[in-house]
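Here the structure comes first, spelled out in structure tokens, and everything after it is commentary.
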Amino acid sequence: TYTITDECGNVTTTTQIITIEDTTDPVFSAPPADVTVECSGDVPPMVDLSWTDNCDGSGLVSGTDGALTGGSCGGTITRTWTYTDACGNVSTATQIITIEDTTDPTASNPSDINSAVSVTPNISVITDAADNCTSNPIIAFVSDVSDGNICPETITRTYSVTDDCGNQI
């Protein structure tokens, strides 16, 4: 309210209405870059993200991870940070984490066997099967291939090692 008085003492008042309306969204610092990892155990840890706002100042906010979509052999997690200022202006930042196991399991070739009789396939000869994501990859007998000779006959026996995502050697 303003009051104006002239030289003769005449007084008048006038009123000005000032409306403060914050329509500016808060601003996040850059979220971590999208990333692809091999195993669900390789998902990077959550970090707090900083924000600034024209009226609220600045601070940190924790994010949340959405559900894994598509599965642990080829899926995504959307990590989201959200801040709402005192006037209801909302900002969101996201990071996409892709889980894609593309690494084959490993195993050493078993020792050669010299025998006078036929030997039954036995997966226990593969003793060091390992994988980056699967704790117990599946070992299976695949085939025997003979060289066609009778004495001596050489049989090449093949085993496979498969992880939970279908990667196989």
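The values are calculated or read from the model by the stated rules, or taken from the named source; none is laboratory data. All of these numbers come straight from a predicted model, not from anything done at the bench. Don't worry about glycine lacking a Cβ; one is built from the backbone with ideal geometry, like all the others, and counts go over all protein chains shown. Note: areas computed on protein heavy atoms with side chains; ligands, DNA, RNA excluded. Shrake-Rupley method; radii C 1.70, N 1.55, O 1.52, S 1.80 Å.
General remarks:
- Condition check for ILE113: aliphatic (A, V, I, L, M), assigned to a strand (DSSP E or B) and out of contact with any Leu (no Cβ under 6 Å at 6 or more places or on another chain): no
- Neighbours by Cβ (under 7 Å, 6+ apart or cross-chain): first from region 54-66, among the hydrophobic types (A, V, I, L, M, F, W, C); second loosely packed, with under 14 Cβ neighbours inside 10 Å: CYS55/ALA86; LEU60/ASP48; VAL61/ASP48
- Long-range neighbours under 9 Å by Cβ, at least six apart or interchain, first residue more than 13 Å from ASP104 (Cβ to Cβ) and among the aromatic types (Phe, Trp, Tyr) within region 127-146, second modelled with pLDDT under 95 and open to solvent by less than 60 Å² (accessible area, probe 1.4 Å): PHE141/PRO121
- Candidates GLY66, GLY74, GLY59, GLY88, filtered to the one that is more than 30 Å from ARG157 (Cα to Cα) and modelled with pLDDT under 95: GLY74
- Those residues of region 154-164 which are touching a strand residue (DSSP E or B) at 6+ places or on another chain (Cβ under 6 Å) and open to solvent by 60 Å² or more (accessible area, probe 1.4 Å), in sequence order: ILE155, THR156, ARG157
- Residue tally, condition closer than 25 Å to GLU38 by Cβ and either open to solvent by 40 Å² or more (accessible area, probe 1.4 Å) or among the small types (Gly, Ala, Ser) (or both), over region 124-138: 9
- For region 74-107, the set of residues classified as in contact with a Gly (Cβ under 8 Å, 6 or more places away or on another chain), open to solvent by 50 Å² or more (accessible area, probe 1.4 Å) and either at positive phi or of a type outside the set (S, T, N, Q) (or both) consists of GLU100 only.
- In region 149-169, the residues that are modelled with pLDDT of 95 or more, outside any strand (DSSP E or B) and out of contact with any Cys (no Cβ under 8 Å at 6 or more places or on another chain): ASN167, ILE169
- Selected residue (criterion: farthest from THR103 (Cα to Cα)) from residues of region 58-73 that are part of a strand (DSSP E or B) and open to solvent by 60 Å² or more (accessible area, probe 1.4 Å): SER58
- Cross-chain or 6+ apart pairs with Cβ under 7 Å, region 23-44 first and open to solvent by 80 Å² or more (accessible area, probe 1.4 Å), then part of a loop (DSSP other than H, G, I, E, B) and not aliphatic (A, V, I, L, M): THR23/ASN89; THR36/GLU100
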